[in-house]
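Asker: Before I ask anything, here is the structure I am working with.
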Amino acid sequence: METLVVDHPLVAHKLTTLRDVRTDSPTFRRLTDELVTLLAYEATRDVRVTDVTIRTPLVETTGTQLTRPTPLVVPILRAGLGMLDGMTRLLPTAEVGFLGMARDEDTLQPATYADRLPQDLSGRQCYVLDPMLATGGTLAAALKLLVDRGADHITAICLLAAPEGLVAVEQKLSETLAPDHGATLRVVTAAVDERLDENGFILPGLGDAGDRLYGCA
């Protein structure tokens, strides 16, 4: 599994404001939207395209268009919804599926409560939206589900990641996926933070992304 930390001044600037406890929910939502668009720009460098012939007002020329089937964007509810507009701004023709997963704060294990995804994802590129890669359980479960349904190229876009979470995702997938699954797995994030605290929250982090996006626990 590859990890890409997007090193860009605007990414760092927007992330700093997201971290600030004084940032209110409307500002947090707007900055999340902007930051995801920047991350998505890097995350889609490997999006599949094909040549197409078009005519300009002057001549015929060759251009580029997305291949079919189009990419599938998968926000993990609820906090992933706050990343959806920023992603589809760059991929307006992408399909969107929804995956509801919640972390039990006692066991820190994920539980799936909603699945609105195609059953057959053979040959599909998927972009998973999950703001916080903390313990890694939720993301690992989501990636496994997509691979099991045939997705062969999956990129997770996260605002923040913890080192323990990245290790856990890679370890869980190596234990649960067949060695010959053939899928390319990647995480794109604005930063890899220091560590997790005893409650499984990222430090220094930015708090609970869902609560800060929507203003309620």
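The values are calculated or read from the model by the stated rules, or taken from the named source; none is laboratory data. None of these values were measured; they are calculated from a predicted model. For neighbour counting, all protein chains shown are included, and Cβ atoms are generated from backbone atoms with ideal geometry for every residue, glycine included. Side chains included, ligands, DNA and RNA excluded: accessible areas come from the protein's heavy atoms. Shrake-Rupley method; radii C 1.70, N 1.55, O 1.52, S 1.80 Å.
Asker: Answer yes or no as to whether L39 is within 16 Å of I154 (Cα to Cα) and assigned to a strand (DSSP E or B).
Answerer: No.
Asker: How many residues, within region 169-199, are at pLDDT 90 or above and out of contact with any helix residue (DSSP H, G or I) (no Cβ under 7 Å at 6 or more places or on another chain)?
Answerer: 9
Asker: In addition: In region 15-37, what count of residues is obtained for those that are touching a residue at least 40 places away in the same chain (Cβ under 8 Å) and in contact with a helix residue (DSSP H, G or I) (Cβ under 7 Å, 6 or more places away or on another chain)?
Answerer: Looking only at that region, the number is 12.
Asker: Could you check region 66-115 and list, in sequence order, the residues that are in contact with a helix residue (DSSP H, G or I) (Cβ under 7 Å, 6 or more places away or on another chain), farther than 20 Å from G150 by Cβ and without any contact (Cβ under 8 Å) to a residue 40 or more places away in the chain?
Answerer: Within region 66-115, Q109, P110 qualify.
Asker: Residues being open to solvent by 10 Å² or more (accessible area, probe 1.4 Å), within 13 Å of A162 (Cβ to Cβ) and outside any strand (DSSP E or B): count how many of those fall in region 118-134.
Answerer: 2
Each row is one residue, and each column tells you yes or no for (1) modelled with pLDDT under 85; (2) surrounded by 16 or more Cβ atoms within 10 Å (Cβ to Cβ); (3) touching a strand residue (DSSP E or B) at 6+ places or on another chain (Cβ under 9 Å); (4) in a loop (DSSP other than H, G, I, E, B).
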position	(1), (2), (3), (4)
V73	no, yes, yes, no
I76	no, yes, yes, no
G82	no, yes, yes, no
D85	no, no, no, no
L91	no, yes, yes, yes
G100	no, no, yes, no
A111	yes, no, yes, no
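Asker: Considering only region 158-167, I want to know if a residue exists there that is assigned to a loop (DSSP other than H, G, I, E, B) and either buried (at least 24 other Cβ atoms within 10 Å of the Cβ) or in contact (Cβ under 8 Å) with a residue 24 or more places away in the chain (or both).
Answerer: Of region 158-167, the ones assigned to a loop (DSSP other than H, G, I, E, B) are 162.
With either buried (at least 24 other Cβ atoms within 10 Å of the Cβ) or in contact (Cβ under 8 Å) with a residue 24 or more places away in the chain (or both) added as a condition, the list becomes 162.
Yes - at least one qualifying residue is present in region 158-167.
Asker: One residue is enough: does region 4-22 have a residue meeting the conditions hydrophobic (A, V, I, L, M, F, W, C), assigned to a strand (DSSP E or B) and at pLDDT below 95?
Answerer: no
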